[in-house]
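Colleague: Structure incoming, see below.
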Amino acid sequence: MAIEDDPPKSWPRRLHGAWQALAGQPAGGGIVPRAPVASSRATEHPHARLIESLIAGLPGAAITLDGDGGVIAFNEAARMLAPALRRGEPALISLRMPELVDAIRRASKSREPQRVEFFERVPLDRWFEAFVVPVKLAGTTGRDADILLLTFNDLSPLRRVEEMRADFVANASHELRTPLAALLGFIETLQGPAKNDVTAREKFLGIMQQQATRMARLIDDLLSLSRIELNAHLQPSTPIDLAPVVRQVVDGLQTLARDRAVEITMAHPPEPLIVLGDRDELIRAVENLVENALKYGEAGKRVDITLTRSQTRTGAPEARIAVRDYGPGIAPEHLPRLTERFYRVDVADSRAQGGTGLGLALVKHVLNRHGGRLSIESVLGQGATFVMHLPLRTADKAPVAEKA
Ligand SMILES: Nc1ncnc2c1ncn2[C@@H]1O[C@H](COP(=O)(O)OP(=O)(O)OP(=O)(O)O)[C@@H](O)[C@H]1O
Ligand SMILES: [Mg+2]
């Protein structure tokens with residue numbers, strides 16, 4: 001800990017000595033430091049209660065220190081941050097963050113506000129910024145007039161968003177760069193060595209079309225995701241019967257199913273299952289699940305889609321669309337991460353199938369916007385079941401057909 005050598009003025013001098021003492025360093029001529037706990041406890045700051053009431057109303061953590069570095073008051077949020085805080089005791093004992101202690105020392109010496117960032121590993125990894133501001137209490141004289149106000153902001157959510165943004169940009173550029181590199185390679189070949197080779201040209205143009213389609217799909221999915229996120233707070237309001245939606249998806253995927261020799265079965269209750277939704281988004285979500293089941297569960301040769309009327313854990317009526325395949329299934333460690341953008345169990349396999357890893361992220365966002373959720377169950381070797389849970393339109397708004 002650095003010892004300041006220029007003679008500090010009035011109250012900074014007191015703080016200076018106090019911090020040296022608290023840090024266990026001899027103040028001045030090697031005098032053994034006094035026991036600060038006892039002395040600060042003995043005299044409570046005359047405005048301690050008032051200050052405490054005021055900072056109790058602040059949303060973030062706040063601590064006030066007296067001229068000796070003793071804690072005058074702190075709020076609940078500060079107690080969570082530094083559980084060892086005690087009124088009247090030296091702050092240095094309870095605030096173990098070296099950056100913060102340095103900032104307090106700088107503020108007390110210069111009487112200038114200080115800002116500092118620090119990282120706390122326990123109990124959770126969190127980033128904080130702290131402001132240490134010397135305050136002169138109006139209407140108070142002597143040593144009680146000079147206090148330090150410490151306020152804190154939790155920067156962790158911001159940092160996390162920043163990290164996610166960086167990851168997202170890196171992933172998206174990587175996914176675009178791969179097909180782009182292939183396209184450029186083929187263009188070069190067609191301009192050079194394969195200039196007059198008709199067979200090669202046909203073959204390469206086919207691959208180029210595939211790669212360009214993949215890029216277009218990626219951009220399409222990214223735009224859909226951001227549009228759904230943008231509208232996340234707007235609950236869709238059109239009554240939609242789910243069975244025709246699923247039927248449309250199944251019809252649309254018949255070619256893929258035939259190519260892979262997979263049979264799709266569909267079961268639904270006789271009465272309509274009506275939800276308030278956005279038809280296109282629901283189609284997109286169901287399509288992703290059925291397409292995944294066909295692509296990754298191909299080996300099972302069967303995909304069962306079941307629509308049921310059910311209840312949430314709290315007893316609210318909900319519709320469920322379960323898509324079950326009998327393929328290789330998914331190992332448990334992957335399940336919680338499947339809905340992350342660009343997350344794939346087997347990247348090479350997904351890419352080979354034209355996948356970008358955005359499908360399940362899209363499903364999750366569509367369901368969030370509809371007030372529903374996605375659940376996934378899978379046992380390795382026994383296939384996987386993806387279930388879309390959607391709140392059913394309540395009875396008072398049910399259509400005539402449903403009441404009959
Ligand atoms: N039914 C399934 N069986 C086994 N693995 C699956 C199944 N559904 C999804 N997965 C795994 O989850 C990953 C993520 O799926 P998701 O739909 O988000 O992306 P994708 O299918 O790779 O690409 P996209 O949907 O953008 O075409 C897949 O790459 C695959 O590894
Ligand atoms: Mg998919």
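The values are calculated or read from the model by the stated rules, or taken from the named source; none is laboratory data. This one's a predicted model, so the numbers in the text were calculated from it and none came from an experiment. Here the Cβ is made from the backbone with ideal geometry for all residues, glycine too, and neighbour counts use every protein chain on show.
Colleague: Which condition from (1) touching a strand residue (DSSP E or B) at 6+ places or on another chain (Cβ under 9 Å); (2) within 12 Å of ligand 1 (Cβ to nearest atom) is the one that ARG284 breaks?
Modeller: Of (1) touching a strand residue (DSSP E or B) at 6+ places or on another chain (Cβ under 9 Å); (2) within 12 Å of ligand 1 (Cβ to nearest atom), only one is false for ARG284: (1).
Colleague: Taking the criterion of being touching a His at 6+ places or on another chain (Cβ under 8 Å) and part of a loop (DSSP other than H, G, I, E, B), would at least one residue in segment 379-402 satisfy it?
Modeller: No, segment 379-402 contains no residue that is touching a His at 6+ places or on another chain (Cβ under 8 Å) and part of a loop (DSSP other than H, G, I, E, B).
Colleague: Could you list, in sequence order, the residues of segment 338-363 that are hydrophobic (A, V, I, L, M, F, W, C), part of a helix (DSSP H, G or I) and either touching a strand residue (DSSP E or B) at 6+ places or on another chain (Cβ under 9 Å) or within 9 Å of ligand 2 (Cβ to nearest atom) (or both)?
Modeller: LEU360, LEU362, VAL363 - these are the residues of segment 338-363 that are hydrophobic (A, V, I, L, M, F, W, C), part of a helix (DSSP H, G or I) and either touching a strand residue (DSSP E or B) at 6+ places or on another chain (Cβ under 9 Å) or within 9 Å of ligand 2 (Cβ to nearest atom) (or both).
Colleague: To continue, here is another question. Quick check on ASN292: is it touching a residue at least 12 places away in the same chain (Cβ under 8 Å) and either β-branched (Val, Ile, Thr) or in contact with an Asp or Glu (Cβ under 9 Å, 6 or more places away or on another chain) (or both)?
Modeller: So ASN292 fits the description; yes.
Colleague: I would also like to ask the following. All but one of (1) more than 28 Å from the chain's Cα centre (by Cα); (2) surrounded by fewer than 18 Cβ atoms within 10 Å (Cβ to Cβ) hold for ARG393, so report the exception by its number.
Modeller: All conditions are met except number (2).
Colleague: Next up: Consider only pairs whose beta carbons are under 7 Å apart and that are at least six residues apart or on different chains; among these, list those whose first residue lies in segment 159-181 and is over 18 Å from LEU225 (Cα atoms) and whose second residue is aliphatic (A, V, I, L, M) and assigned to a helix (DSSP H, G or I).
Modeller: PRO179/MET215; LEU180/MET215
Colleague: Another question about this same structure. Being more than 16 Å from ligand 2 (Cβ to nearest atom) and of a type in the set (Lys, Arg) is the filter here, so list the residues in segment 252-296 that pass it.
Modeller: Listed by number, the residues that qualify are ARG258, ARG279.
Colleague: Ok, one more. Is it fair to say PRO328 is away from ligand 1 (no atom under 16 Å from the Cβ) and in contact (Cβ under 8 Å) with a residue 24 or more places away in the chain?
Modeller: No, not satisfied.
Colleague: With the structure loaded, tell me whether GLY371 is away from ligand 2 (no atom under 16 Å from the Cβ) and either closer than 24 Å to VAL249 by Cα or touching a Lys or Arg at 6+ places or on another chain (Cβ under 8 Å) (or both) or whether it fails that test.
Modeller: Criteria met by GLY371.
Colleague: Taking segment 171-204 on its own, how many of its residues are more than 41 Å from the chain's Cα centre (by Cα) and loosely packed, with under 15 Cβ neighbours inside 10 Å? Step through it out loud before you land on a result.
Modeller: Our first condition is that a residue be more than 41 Å from the chain's Cα centre (by Cα); within segment 171-204, this holds for 188-204.
From what is left, the residues that are loosely packed, with under 15 Cβ neighbours inside 10 Å are 188, 191-193, 195-199, 202-203.
The total comes to 11.
Colleague: Related question: Considering every residue within segment 390-400, establish whether at least one is among the aliphatic types (A, V, I, L, M), within 7 Å of ligand 1 (Cβ to nearest atom) and either modelled with pLDDT under 95 or in the same structural domain as THR314 (by TED's automatic domain parsing) (or both).
Modeller: Within segment 390-400, not a single residue is among the aliphatic types (A, V, I, L, M), within 7 Å of ligand 1 (Cβ to nearest atom) and either modelled with pLDDT under 95 or in the same structural domain as THR314 (by TED's automatic domain parsing) (or both).
Colleague: Tell me, yes or no, whether segment 110-117 has at least one residue that is in contact with a helix residue (DSSP H, G or I) (Cβ under 9 Å, 6 or more places away or on another chain), part of a strand (DSSP E or B) and within 16 Å of LEU81 (Cβ to Cβ).
Modeller: yes
Quick grid of which residues meet (1) in the same structural domain as VAL169 (by TED's automatic domain parsing); (2) within 31 Å of the chain's Cα centre (by Cα):
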{"residue": "MET208", "(1), (2)": "yes, no"}
{"residue": "ARG214", "(1), (2)": "yes, yes"}
{"residue": "ARG217", "(1), (2)": "yes, yes"}
{"residue": "LEU225", "(1), (2)": "yes, yes"}
{"residue": "ALA243", "(1), (2)": "no, no"}
{"residue": "THR255", "(1), (2)": "no, no"}
{"residue": "ARG258", "(1), (2)": "no, no"}
{"residue": "GLU271", "(1), (2)": "no, no"}
{"residue": "VAL275", "(1), (2)": "no, yes"}
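Colleague: Can you find, within segment 100-139, the residue that is surrounded by the fewest Cβ atoms within 10 Å (Cβ to Cβ) among those that are under 14 Å from ASP154 (Cα atoms) and of a type in the set (Asp, Glu)?
Modeller: If we take residues in segment 100-139 being under 14 Å from ASP154 (Cα atoms) and of a type in the set (Asp, Glu), then ASP125 is surrounded by the fewest Cβ atoms within 10 Å (Cβ to Cβ).
Colleague: Still on this structure, please answer the following. Here are some conditions: (1) in a helix (DSSP H, G or I); (2) β-branched (Val, Ile, Thr); (3) modelled with pLDDT of 90 or more. ILE147 meets all but one. Which one does it not meet?
Modeller: Looking at each condition in turn, ILE147 falls short on (1).
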